[in-house]
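Undergrad: One structure, pasted below without further comment.
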Amino acid sequence: MNATLGHRLARRDADRFVGRHQELTRLDALLAEADAPASVVLVHGPSGIGKSTLLREVARRAVSLGRPVRRIEGRELAPVPGELEAALHGIDREERPVVLVDTYERIAAAGTHLRRRVLPALPEGALVVIAGRRGPDPEWFQDGWEQVTTALELGPLPEIDAHAFVERHGMTDGEDAAAVVSWAEGSPLALAVALEALDGRTPSSHVLDERPDIAQLLVARIAGPELGAADRDVLAVAAIARVCTRELIADVLPDVDDAAAERWLRRRTFAESVGGGITLHELLRRAIRTRERVLRPARERELRSRIADHLHARAVAGEPRLVTDLADLMDADALRWGFGAEGSVTYRVDDPRPGDGELIAAGLEGRFGTGGWRHHVEPFLASAPEHVVIARDAFERLQGFCISATPAATASVVREDRILGPWLAHAGATYPDDDVLVWRDSTDLSSGRQGNVHSPVIAMMNTAAMIRSGLRNIQRSYLPIDPENPVARAFAEGVGAVHVPSLDVDRGDGGVIECHVLDHGEGGVLGQLRAVIHAEIDAAAGQPPLRSVEDLDEARPPAPETGPAITTDAVRDALRRFHRPLDLASNALAPDPGPTAVRAAAVRAALEQAIVDGFGASVDGTL
């Protein structure tokens, strides 16, 4: 028999499959056992996480065991009665068939029909694997189905498997591969899209994050069929805000039917409910934010500004947990490193567990060498665990720890500590009427001593400590800064913290822990975050600071008294390189001097204004 294109496709698909060892171990056991403990496996995870790829690997393994395979694609079933039965016609003649149902979210309404009629009629030895974006409905674990059903959640690819993925797709340079892996954050779809878009060129996370072609491709592959005539501003607000609520939509988009917009968002498979709001699948959210910043920068800035003011007002009115949402709107990596990460697909916060002390001690010894410092956390774990926040990764490995307290703390281990004791006493005496939070330690063990500005571990733990402190709006923070950690130094400088040398602590190994006191200003940490967000927006727009959101509708960048000579070649070159900030910053139209981001933003703003002035805002003009 002659080989076909289909054979070649299947062979390459098999050759490039990597990872999922734990998941396949469970599925292999179900495929091999005659009396398997489960007959229905509900695989779930966000779009692009590799569900379809996993199902194809299960099909290959089933065939190798001699088991017949029947595939059902939810996108291909017509919405008419009998489609499922037709897709499974004749399967009752097989002894141990394997049924694979992909894109289940498209036929989720047929869940009751599946459980009542379709699946019970399958042969006793059948194995059914159903893959969908959302977690299984509770009905799959009721009325006896819990005896034969198991759930399998797909998380991000581990870093080692992500590296194997890019290598099998032809990227062998270690630095290039690391850049792509870091940017993709464990998403096989993001890895594939980046590799396709790069086409052999050298990548960097900076370039990947600002490429609208990558963003558009991700949006199309994740949400394309569900977008339809979606309001672009509604989708942008849902992407810019960490959590989107009906109240947020009503405040930020007063001309939009907020109830209808909320209903539309809740019905999307790429969105999920979080508390009283809605959040988009993180990969899609990143893609939409990139698309909006590159293609509609002025509108994105306006929406982000309105969102910041809405969140700030709610936080001040009694929702201090929104500090996370506010900080999420900041751009500066050095500032985001210390604030505003609640958790992710990669990391989460946790309480201390038995054995954490030795893990922390070993991690500190690796950073600072042997000495008494490695055991300083143990007394807190034993006597005051309420002052400790632990960070763990998706595989439950300890990745960081944080210790903090307020002047109201009464635990003896806190008051007698060589750092917290003096610092808390100083805070109580110097700022008796302020809400003060004192950090004893905040250490990211997932990165080296030099720090990693892109790691969310510190921000995640610090945010948890702020929320757990019970303080409504922290006015002053005492920060322990390792002077040999450039990321920590950049954070302290970026937020305006003041070094107090008299409170520095000798670590005992030749190093020192510096005390930096941060005055968050009259508006507290909430007001400071809002001010930083507006300052970033103003800088990006190349305009003077705005006093209120209402000013946005009337503000226009002031005409410079003098400026660069405008030539046809300069304009043409700027238009060709519109999405390349480094190139725009060096264009003849860019103001001088100034930071690269500000120079590039100024050129974009000038071009956008020229386009509006030249073509108008009508539909035809916009086209």
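The values are calculated or read from the model by the stated rules, or taken from the named source; none is laboratory data. Bear in mind that the values here come from a model prediction, so they are computed numbers and not experimental data. Cβ atoms come from the backbone with ideal geometry, glycine included; neighbour counts cover every protein chain shown. Surface accessibility is based on the protein's heavy atoms, side chains included, excluding ligands, DNA and RNA. Shrake-Rupley method; radii C 1.70, N 1.55, O 1.52, S 1.80 Å.
Undergrad: T406 - would you say it is hydroxyl-bearing (S, T, Y), open to solvent by 50 Å² or more (accessible area, probe 1.4 Å) and at negative phi?
TA: Considered against the rule, which asks whether it is hydroxyl-bearing (S, T, Y), open to solvent by 50 Å² or more (accessible area, probe 1.4 Å) and at negative phi, T406 comes out as no.
Undergrad: Another question about this same structure. Residues to consider are A215, A261; find the one that is of a type in the set (A, V, I, L, M, F, W, C), surrounded by 20 or more Cβ atoms within 10 Å (Cβ to Cβ) and modelled with pLDDT under 85.
TA: Answer to the selection: A215.
Undergrad: Considering only residues of region 388-403 that are of a type in the set (A, V, I, L, M, F, W, C) and closer than 17 Å to I360 by Cβ, which is surrounded by the most Cβ atoms within 10 Å (Cβ to Cβ)?
TA: Looking only at region 388-403, we keep the residues that are of a type in the set (A, V, I, L, M, F, W, C), and these are 388-391, 394-395, 398, 401-403.
With the extra rule that they be closer than 17 Å to I360 by Cβ, the set shrinks to 388-391, 398, 401-403.
Details: V388: 22, V389: 24, I390: 22, A391: 28, L398: 20, F401: 26, C402: 25, I403: 25.
The qualifying residue surrounded by the most Cβ atoms within 10 Å (Cβ to Cβ) is A391.
Undergrad: Considering only residues that are charged (D, E, K, R) and surrounded by 13 or more Cβ atoms within 10 Å (Cβ to Cβ), look in region 267-281 and name the one that is nearest to R242 (Cα to Cα).
TA: That would be E272.
Undergrad: Kindly indicate whether G74 is in contact with a Leu (Cβ under 6 Å, 6 or more places away or on another chain) and touching a residue at least 12 places away in the same chain (Cβ under 8 Å).
TA: no
Undergrad: Looking at the structure I just gave you, is R296 charged (D, E, K, R), over 19 Å from the mean Cα position of the chain (by Cα) and open to solvent by 20 Å² or more (accessible area, probe 1.4 Å)?
TA: yes
Undergrad: Can you find a residue that is under 20 Å from P352 (Cα atoms) and either of a type in the set (D, E, K, R) or crowded, with 17+ Cβ neighbours inside 10 Å (or both) anywhere in region 429-437? Reasoning before the result, please.
TA: Step one: filter region 429-437 for residues under 20 Å from P352 (Cα atoms), giving none.
No, that holds for no residue.
Undergrad: Kindly provide the set of residues from region 111-145 that are assigned to a loop (DSSP other than H, G, I, E, B) and free of Cβ contacts under 8 Å to residues at least 60 places away in the same chain, ordered by number.
TA: L122, P123, E124, D137, Q142, D143, G144
Undergrad: Within region 482-500, can one find any residue that is touching a residue at least 24 places away in the same chain (Cβ under 8 Å), over 28 Å from P320 (Cβ atoms) and assigned to a strand (DSSP E or B)?
TA: No, that holds for no residue.
Undergrad: Separate question: Among the residues of region 2-9, are any at positive phi and either modelled with pLDDT under 85 or surrounded by 12 or more Cβ atoms within 10 Å (Cβ to Cβ) (or both)? Give the steps one after another, and end with the answer.
TA: Step one: filter region 2-9 for residues at positive phi, giving none.
Scanning region 2-9, I find no residue that is at positive phi and either modelled with pLDDT under 85 or surrounded by 12 or more Cβ atoms within 10 Å (Cβ to Cβ) (or both), so the answer is no.
Undergrad: Consider G144 carefully, then state whether it is among the small types (G, A, S), surrounded by 12 or more Cβ atoms within 10 Å (Cβ to Cβ) and more than 30 Å from the chain's Cα centre (by Cα).
TA: Against the criterion (among the small types (G, A, S), surrounded by 12 or more Cβ atoms within 10 Å (Cβ to Cβ) and more than 30 Å from the chain's Cα centre (by Cα)), G144 does not qualify.
Undergrad: Working only within region 264-284, note down all residues that are aromatic (F, W, Y) and either in contact with a Cys (Cβ under 6 Å, 6 or more places away or on another chain) or not in a loop (DSSP other than H, G, I, E, B) (or both).
TA: Here is the first cut: in region 264-284, the residues aromatic (F, W, Y) are 264, 270.
Residue satisfying the conditions is W264 alone.
Undergrad: Going by what's in this entry, would D441 be described as among the charged types (D, E, K, R), in contact with a strand residue (DSSP E or B) (Cβ under 9 Å, 6 or more places away or on another chain), touching a residue at least 40 places away in the same chain (Cβ under 8 Å) and under 20 Å from G366 (Cβ atoms)?
TA: yes
Undergrad: On to the next question. So which residues in region 11-22 are more than 25 Å from A151 (Cβ to Cβ) and touching a residue at least 24 places away in the same chain (Cβ under 8 Å)?
TA: D13, A14, D15, R16
Undergrad: In region 228-258, what residues are surrounded by fewer than 18 Cβ atoms within 10 Å (Cβ to Cβ) and of a type in the set (V, I, T)?
TA: Hit for region 228-258 is V256, nothing else.
Undergrad: On to the next question. For region 313-360, which residues satisfy the criterion of being modelled with pLDDT of 70 or more, open to solvent by 40 Å² or more (accessible area, probe 1.4 Å), out of contact with any strand residue (DSSP E or B) (no Cβ under 7 Å at 6 or more places or on another chain) and at negative phi?
TA: Once the filter is applied, which keeps residues that are modelled with pLDDT of 70 or more, open to solvent by 40 Å² or more (accessible area, probe 1.4 Å), out of contact with any strand residue (DSSP E or B) (no Cβ under 7 Å at 6 or more places or on another chain) and at negative phi, region 313-360 yields A313, R314, V316, A317, E319, P320, R321, D331, R353, P354, E358.
Undergrad: Just for helices (runs of 4 or more DSSP H) wholly inside region 366-473: which have at least 3 residues that are under 28 Å from M330 (Cα atoms), at pLDDT below 90 and out of contact with any Gly (no Cβ under 6 Å at 6 or more places or on another chain)?
TA: In region 366-473, 457-468 are the helices (runs of 4 or more DSSP H) which contain 3 or more residues that are under 28 Å from M330 (Cα atoms), at pLDDT below 90 and out of contact with any Gly (no Cβ under 6 Å at 6 or more places or on another chain).
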